[in-house]
Amino acid sequence: MNVNGCHYRTIWLKESDPKIVQIINQQALPFKFEILDLSTFNDVVTAIKDMYVRGAGLIGATAAFGMYLASLEAGEKSFNKDLALAANLLKNTRPTASNLTWAADRMLKTLSAFNGSLERKREAARLEAMTIANEDAAFCKRIGLHGLEIIKKISEQKNGENVNILTHCNAGWLAFVDYGSALSPVYAAFDQGIKVHVWVDETRPRNQGASLTAWELCEHGVSHDLIPDNAGGHMMLNGLVDMVVTGADRVTREGDAANKIGTYLKAIAAKENNVPFYVAFPSSTFDFKMKSGVKEIPIEERDSSEVRFITGKTKEGKIETVQICPDSTPARNWGFDVTPAKFITGLITERGICEANEKGILSLYSEQTNNGG
Ligand code: MRU
């Protein structure tokens with residue numbers, strides 16, 4: 001992604017010291033663009049847990065780099081045991097997105113099969129983490145090209161008028177290593193000169209839409225409006241939305257998709273109003289072992305303070321957090337919901353677009369035919 005004209009990924013190894021992982025601090029956006037150093041395995045755990053990094057693909061890549069830092073801290077004799085422990089700690093940071101478990105397990109598998117000196121094992125860990133990050137970026141780029149075809153068609157049907165796309169939460173550059181999933185087709189269309197406009201759901205309680213998606217779209221120059229979370233139904237009913245595209249944190253083999261809380265409501269409104277509803281994600285988000293998303297996907301419940309308080313910038317330019325409910329009002333804070341496959345028009349993956357059902361998914365991922373849960 002380009003920030004002030006310079007290209008950045010969301011995570012990388014420091015050029016002058018490749019034993020340090022660098023990230024964009026997403027807690028500070030949209031008010032401040034800041035790069036943080038993660039020098040220890042514990043720094044990585046905190047960065048994921050406290051959401052300095054977030055988004056399914058990015059927490060997967062961060063877990064991979066975390067395993068690399070764990071390899072630098074592991075003893076020669078206890079190497080495999082130390083790494084297994086690190087993988088477990090990482091997996092427990094955030095439960096819903098499959099990418100995190102997938103990346104930690106992939107690192108573990110590669111390293112436990114690797115024979116060689118401690119130094120060579122550490123080098124293998126670095127290379128595998130980089131491969132995971134590079135793959136994430138490449139897959140998201142391809143998602144963009146597949147999704148572009150859908151936007152192109154709508155644009156043609158509208159004789160080149162604006163294609164109005166509603167999105168929820170942040171499934172852009174910032175949620176991955178680069179490009180994004182839901183926003184990748186938007187960027188691809190914009191870069192080809194197709195007129196697009198994005199309706200950005202604010203995405204309470206943490207407001208990833210307002211603070212991250214809006215910021216990214218500004219940086220890329222894409223036309224957008226921030227809308228309250230509850231506006232989507234009204235807008236679809238009144239013909240203001242041509243398509244909805246969201247990301248996903250976990251997708252089952254039958255096509256149910258977990259995404260940021262509130263996505264399900266948008267999917268119901270889209271179905272009722274015949275607005276196509278697409279879910280875009282790389283294959284690391286699939287959980288081929290799961291069938292029913294509603295019954296099986298673990299939903300992260302986060303601290304109630306995220307609902308009871310809101311953070312923003314005052315007129316004087318100070319960042320402040322204020323309470324929005326009575327002192328004694330408790331709150332509940334489910335981070336995600338599951339959209340059943342029947343509400344989804346199509347899944348946009350790096351291998352192409354398919355129907356949200358087992359047959360459609362296996363038509364792209366036939367190697368998973370016998371890997372069901
Ligand atoms: O809680 P977050 O910010 O890590 O949530 C993840 C998300 O950004 C969304 O659910 C997103 O739409 C899918 S992840 C690309």
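The values are calculated or read from the model by the stated rules, or taken from the named source; none is laboratory data. Note that the coordinates shown come from a computational prediction; the quantities given were computed from them, not determined experimentally. Reconstructed Cβ throughout: ideal geometry from the backbone, glycine too, with neighbour counts over all protein chains shown. The area values use the complete protein model at the heavy-atom level, side chains included, leaving out ligands, DNA and RNA. Shrake-Rupley method; radii C 1.70, N 1.55, O 1.52, S 1.80 Å.
Quick check on region 294-354: take the gyration tensor over C-alpha atoms, sort the square-rooted eigenvalues as a ≥ b ≥ c, and tell me if it's rounded (a/c under 1.5), prolate or oblate.
Oblate shape, in that a/c is at least 1.5 and b/c is the bigger or equal ratio.
How much mean residue ellipticity at 222 nm does the chain get from its helices, if each DSSP H run of length 4 or more adds -39500 (n - 2.57) and you divide by all residues, to the nearest 500 deg cm²/dmol?
Value at 222 nm, helices only: -11500 deg cm²/dmol.
Using only the Cα atoms of region 148-259, build the gyration tensor, take square roots of its eigenvalues as a ≥ b ≥ c, and label the shape rounded, prolate or oblate: rounded if a/c is under 1.5, else prolate if a/b is larger than b/c, else oblate.
Since a/c stays below 1.5, the shape of region 148-259 is classed as rounded.
Taking Cα pairs under 8 Å and at least six residues apart, what relative contact order does region 142-252 come out at, in percent? Before the final figure, lay out the partial values.
Numbers: 189 pairs, mean separation 34.7, N = 111.
Relative CO of region 142-252 lands at 31 percent.
In square angstrom, what is the accessible area per residue of the chain with a 1.4 angstrom probe?
Per-residue value: 44 Å².
Have a look at E320, E358, E219 and tell me which one the Gaussian network model of the chain (Cα, springs below 10 Å) gives the largest fluctuation.
Taking springs between Cα atoms under 10 Å, the residue moving most is E320.
Contact order normalised by length for the chain, with contacts defined as Cα pairs under 8 Å and 6 or more residues apart; what percent is it?
15 percent
With an 8 Å Cα cut-off and a minimum separation of 6 or more residues, compute the relative contact order for region 202-310 in percent.
This gives 28 percent for region 202-310.
Given a 1.4 angstrom probe, I'd like the percentage of the accessible area of region 1-80 that is carbon and sulfur, rounded to a whole number.
With neighbouring chains kept in place, the figure for region 1-80 is 45 percent.
In whole Å, what is the distance between the alpha-carbon centres of region 275-352 and region 47-65?
15 Å
HN-Hα J couplings of region 144-151 from phi, Karplus 6.51/-1.76/1.60, θ = phi - 60°, integer Hz, Gly and Pro as x?
x, 5, 5, x, 4, 4, 5, 5
Looking at the chain as a GNM with Cα springs under 10 Å, which of T329, T349, T110 has the largest mean-square fluctuation?
With Cα springs under 10 Å in the chain, the top fluctuation among T329, T349, T110 is at T329.
Report, to the nearest whole %, how much of the accessible area of region 192-349 belongs to carbon and sulfur atoms, 1.4 Å probe, protein only.
Answer for region 192-349 is 52 percent, counting heavy atoms of protein chains only.
Roughly what % of DSSP beta bridges within region 171-297 run antiparallel, to the nearest 5?
For region 171-297, the DSSP antiparallel bridge percentage is about 20.
Which ³J(HN,Hα) values, rounded to whole Hz and listed in residue order, are derived for region 219-233 from phi using the Karplus coefficients 6.51, -1.76 and 1.60 in 6.51 cos²θ - 1.76 cosθ + 1.60 with θ = phi - 60°, glycine and proline given as x?
Those phi angles translate into 4, 8, x, 8, 5, 7, 10, 7, 10, x, 3, 8, 7, x, x Hz.
Rank I261, I154, I324 by mean-square fluctuation in a GNM of the chain with C-alpha springs under 10 angstrom and give only the top-ranked residue.
I324
Could you derive backbone 3J(HN,Hα) for region 70-85 from the dihedral phi with the Karplus parameters 6.51, -1.76 and 1.60 (θ = phi - 60°), listing whole Hz in sequence and x where the residue is Gly or Pro?
Per residue, the Karplus-derived 3J(HN,Hα) values read 4, 5, 6, 9, 6, x, 5, 6, 9, 3, 5, 5, 4, 6, 5, 5 Hz.
Run through the DSSP bridge list for region 227-373 and note the antiparallel percent, rounded to the nearest 5.
65 percent
So, by mean Cβ neighbours within 10 angstrom, what's the order for 335-345, 177-187 with the highest one leading?
Values: 335-345: 21.3, 177-187: 28.3.
Result, highest mean Cβ count within 10 Å first: 177-187, 335-345.
For a protection proxy built on the mean count of beta-carbon atoms within 10 angstrom, sort 246-253, 163-170 highest first, please.
So the order, starting with the most tightly packed, is 246-253, 163-170.
List the residues whose amide H sits under 5 Å from the amide H of F336, counting only those 5 or more places along or on another chain, with H placed 1.01 Å from N in the peptide plane.
For F336, the qualifying residues are I261, E300.
Under 16 Å from a point placed 7 Å out from the Cα of Q323 along the Cα-to-Cβ direction: which residues of region 270-306 have their backbone N that close?
Inside the label zone: 304-306.
Rounded, prolate or oblate for region 226-311? Axes are the square roots of the Cα gyration tensor eigenvalues, ordered a ≥ b ≥ c, and the cut-off for rounded is a/c under 1.5.
oblate
With +1 assigned to the C-beta of every Lys and Arg and -1 to the C-beta of every Asp and Glu, and no other charges, what is the dipole magnitude of the chain about the Cα centre in debye, to the nearest 20?
Working: 41 positive and 45 negative charges, 94 e Å.
Charge dipole of the chain: 460 debye, to the nearest 20.
Order these peptides, 293-299, 113-119, 199-205, by their mean beta-carbon neighbour count within 10 angstrom, highest first.
199-205, 293-299, 113-119
Choose one of F281, A331, T314: the residue whose Cα lies farthest towards the positive end of the charge dipole of region 273-358 (beta-carbon charges +1 Lys, Arg; -1 Asp, Glu; about the Cα centre).
Checking the options against the dipole of region 273-358, the answer is T314.
If you take every DSSP beta bridge whose two residues both sit in the chain, what share of them, in percent to the nearest 5, is antiparallel?
Close to 55 percent.
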